[in-house]
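The values are calculated or read from the model by the stated rules, or taken from the named source; none is laboratory data. These numbers come from a predicted model, not from an experiment. Reconstructed Cβ throughout: ideal geometry from the backbone, glycine too, with neighbour counts over all protein chains shown.
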Amino acid sequence: MALTKNKNEETLGKIEIAPEVIGVIAGLAAAEVENVAGMQGSFTNEMRERLGGAVNHSKGVKIDLTEAGIVIDVYCYIQFGATIPLLAQNIQDSIRETILNMTGLEVVEVNIHIVGVQFERQETMSFDELEI
């Protein structure tokens with residue numbers, strides 16, 4: 001995706017933004033929305049992150065550059081009890097606004113795919129915490 005800035009009819013040059021960068025921006029914007037429990041990733045990515053590897057911030061995000069513009073598909077887990085239509089709207093708004101602010105690019109479509117529900121975790125006790 002190329003974005004060209006003009007000043008006084010002269011071309012200053014072009015700025016190219018890789019689709020992967022747009023994916024990272026969208027992933028971070030979605031993950032910051034309240035009641036988003038996480039983004040869908042592959043088993044390999046999950047294991048790499050748990051073992052101390054690099055975090056893939058674009059996981060759960062698919063970017064398509066079409067003739068009409070940028071189309072984004074987001075695959076995420078939500079917290080139990082969240083209102084899905086409201087949460088989806090908040091994710092869409094966050095992604096559109098963040099990409100526009102950071103890149104100046106308009107997003108044509110943001111599709112939200114809810115792939116799971118995260119329930120509150122019950123705290124577990126270890127044997128070390130037991131007072132016997």
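Things to note:
- Being in a loop (DSSP other than H, G, I, E, B), under 14 Å from the mean Cα position of the chain (by Cα), at pLDDT 95 or above and surrounded by 13 or more Cβ atoms within 10 Å (Cβ to Cβ) is a property that V33 has.
- Test for I112: is it at pLDDT 95 or above and part of a helix (DSSP H, G or I): no
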